[in-house]
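Working notes, structure below.
The values are calculated or read from the model by the stated rules, or taken from the named source; none is laboratory data. Because the structure is predicted, anything quoted here is derived from the model rather than measured. Ideal geometry is used to build each Cβ from the backbone, glycine not excepted, and the neighbour counts take in all protein chains shown.
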Amino acid sequence: MATVAEALQLAVQHQKAHRWGQAEQIYRQILAQQPGHPDGLHGLSLLAQQQARYPQAERILQSLIKSQPLSFKAWFSLGNVHQLQGQLLEAESAYHQAIALKPQVAALYNNLGYTLYLQGRLEAAIEQYHRALKHQPEFPEVQVNLAQAMADLGQLPSELRVRCAALSHSLGRSRRQAGDWSGAAAYFRQSTRFQPDWAVAQYDLGVALQATGQLDAAVPCFRRVLAANDQGAEPYQILAEQKLGYGPAGQTARLKVAVICQPFVMTQFPQPADSIGILTYELVRRLAQSCDVVVYTAGPQRHEAFHGGVCYRYLPVTSDQTWLRRLERVPGLFTSGHPSFGSSLYYRGFADAVAQDLQQHPVDVVHIHNLAQFAPVIRRRNPNSQIVLHMHCEWLKQLPQSGLETHLGCVDRVIAPSAYIVSQVQQRFPQMAERCLVLPNGVDVDRYWPAPAAPAPRSEKHLLYVGRVCPEKGIHTLLEAFERVLDEEPLARLTLVGPVGVIPYDYLVGLSDDPRVAALAPFHQPDAWSDYLRRYMHRIGDRDDNPMANPVTFTGLVAPAELPRFYQRSDLFVFPSVCHEAFGLPIAEAMVAGLPVVASTGGAFPELVVPGETGLLVERGDPTALAEALLTLLGNAEICQRLGRTGQIRALNHYSFDQMTNGLLKIYQGLQPLA
């Protein structure tokens, strides 16, 4: 282990990131080497407090105080733990002990004041709040608490209520951003007490209550949002109506739903990293309010876990992977036109295990992601279940038709995120036309919207791309276009967020009959793509007219929680894909964040981007047209703002996970009447 100071610093970093297991391991290593180490004990107590293990936190702090009776932070933390457990007299005593040790700390008087407030001793609470402000005049939490106590006594001037509501709301947003949903809910509730008809505060309170499992308490908040008439209420009313759509109200029976993830991805819930895993997690945690949901996914061993009312069953796939590796070595068995992932043998062991488990635990609906060959396997053992095939790609157009017809004969509904994909299926399999439905993908709008306050004016113009940094996404077209942009806008910057690399040739280029996609084949030669990017970066770095050292930035893979800040600090979003995208989730995210979008005309993009209303569309693979579109928007801030606002309302209406959940629930309910 590193020095104790370094270890403590690392533990705190883990703790702030909610990596509690790693943090606890470090604290216990410190205590194993130095039993009774005060910082190790205090860190461990804070960790227990974060996880609502209050009795454990109390025991640790009592142990620390026994050995360090003059530890200010131990007494302070003990007061907080007592307060959280409702032990108000004990909390009051602990805070007084801490004040005796450090009487100049404003936060102590604030917490003591709130403890007195909870006891109904309002005058005494106000006295402590004034003491806190004496030590720290600009202390928002104290100002809000003082205002609340004065309001309860009828002493708060009406003109201060709006200011106090805004201050409480801002504190709630800060707590939410830090992952403290309980603290956020407390401040949002305080905001609504100051200003009950403020739509944004009621909406944020409802979201915070949902996040803490208080689903019934959230419903009245969303209904108050719908009744609000304050300026700016419309977007929140759109979202509130969506959240009310999939709740338990009005349900006479609960559907039983099983979702089958792609077994070639080892998705770990509740923190998935892959796009379909994230989509699954966001959908099922909402569906769980009105359905009984089980998710089947690949794992190193068979086990199950529960998160948010959803059962996640992990099934091993080691034997499948071994078998597939052997089959792929058989000459001629699989080709670019007949790839392994289109075969009925693909992860057949996983499919059999799911089918057998469902036979023992029957469900009403089985929801399969992408792998149509699983449908007959599930159907044979579960003839009474309704099967929904959810396509996120063009495989039903690209894979051999004969086998797919057999698979689709066992499917009750085919859903896809765009009319582009649905129309392909309907044209190739006309017998399925009536069973195909569009269900647009969703965005976690509460994460991407609303954006924080606009930053100060800046001279640079920031362009953003999010997705795989590969030729199929048109990155070479974007980079060539950006060189032309720099000719007119030398202060422009381009950030590309996502992993760099090419997907296997057989997954897309080898299957496509599109000449523009087929033209990408040279990039699939060994090292061809990385060599191209290296040459480009060298060339752009040598420009004489470039006043900036790095006008192009590659971030690599970014955690989903970090993505919003990239959108929020950008001026324009660009997605020039060469292939025909099934949807275009980053475009929806950018629209929610209020960014104008420049995209290519292929696939589903024209369904998302309305030219002249929410962004601009250009031909695929045309760097000149792309550069012109980018320069048009970069040179006109007013147009950018208008496109961004219009796109945001469109995205809130159509591309939220709440709206997607409502649509999916209607599809499920339309399959078979509830008993």
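Structure data summary
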read-out	value
Checklist (1) crowded, with 17+ Cβ neighbours inside 10 Å; (2) outside any strand (DSSP E or B); (3) touching a residue at least 40 places away in the same chain (Cβ under 8 Å); (4) touching a Phe, Trp or Tyr at 6+ places or on another chain (Cβ under 8 Å) applied to Ser336, failing item	(1)
Yes/no for Val317 being in contact with a Phe, Trp or Tyr (Cβ under 7 Å, 6 or more places away or on another chain) and under 20 Å from Leu389 (Cα atoms)	no
Matching option when the condition is in contact with a Lys or Arg (Cβ under 9 Å, 6 or more places away or on another chain) and in the same structural domain as Ala17 (by TED's automatic domain parsing), among Ser170, Ser182, Ser158	Ser182
Arg645 among the charged types (D, E, K, R), assigned to a helix (DSSP H, G or I) and within 27 Å of Ala419 (Cα to Cα)	yes
Given (1) at pLDDT 95 or above; (2) within 35 Å of the chain's Cα centre (by Cα); (3) surrounded by fewer than 20 Cβ atoms within 10 Å (Cβ to Cβ), number of the condition Asp204 does not satisfy	(3)
Residue in the range 84-101 that is over 23 Å from Phe188 (Cα atoms), at pLDDT 95 or above and of a type in the set (Phe, Trp, Tyr) present	yes
The range 214-238: number of residues that are closer than 18 Å to Trp181 by Cβ and in contact (Cβ under 8 Å) with a residue 40 or more places away in the chain	1
Selection status of Asp506, assigned by TED's automatic domain parsing to the domain that holds Val592, in contact with a Cys (Cβ under 9 Å, 6 or more places away or on another chain) and not aliphatic (A, V, I, L, M)	no
Filtered residues of the range 177-191 (kept if part of a helix (DSSP H, G or I) and either crowded, with 24+ Cβ neighbours inside 10 Å or of a type in the set (Asp, Glu) (or both))	Ala184, Ala185, Tyr187, Phe188, Ser191
Residue match in the range 602-621 (condition: of a type in the set (A, V, I, L, M), over 24 Å from the mean Cα position of the chain (by Cα) and more than 28 Å from Ser512 (Cβ to Cβ))	no
Subset of the range 125-147 [in a helix (DSSP H, G or I) and either in contact with a Ser or Thr (Cβ under 8 Å, 6 or more places away or on another chain) or hydrophobic (A, V, I, L, M, F, W, C) (or both)]	Ala125, Ile126, Ala132, Leu133, Pro140, Val142, Val144, Leu146, Ala147
From Val438, Val469, residue being outside the structural domain of Ser570 (by TED's automatic domain parsing) and either buried (at least 17 other Cβ atoms within 10 Å of the Cβ) or in contact with a helix residue (DSSP H, G or I) (Cβ under 9 Å, 6 or more places away or on another chain) (or both)	Val438
Residues within the range 416-434 that are in contact with a helix residue (DSSP H, G or I) (Cβ under 8 Å, 6 or more places away or on another chain) and outside any helix (DSSP H, G or I), tallied	3
Residue match in the range 363-381 (condition: at pLDDT below 95, more than 29 Å from the chain's Cα centre (by Cα) and outside any helix (DSSP H, G or I))	no
Of all residues in the range 65-80 being under 39 Å from the mean Cα position of the chain (by Cα) and within 12 Å of His42 (Cα to Cα), the one that is surrounded by the fewest Cβ atoms within 10 Å (Cβ to Cβ)	Phe72
In the range 88-124, the residues that are among the small types (Gly, Ala, Ser) and in a loop (DSSP other than H, G, I, E, B)	Gly120
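Yes/no matrix, rows are residues, columns are (1) without any contact (Cβ under 8 Å) to a residue 24 or more places away in the chain; (2) touching a helix residue (DSSP H, G or I) at 6+ places or on another chain (Cβ under 8 Å):
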{"position": "Leu78", "(1), (2)": "yes, yes"}
{"position": "Ala94", "(1), (2)": "yes, yes"}
{"position": "Pro103", "(1), (2)": "yes, no"}
{"position": "Gly113", "(1), (2)": "no, yes"}
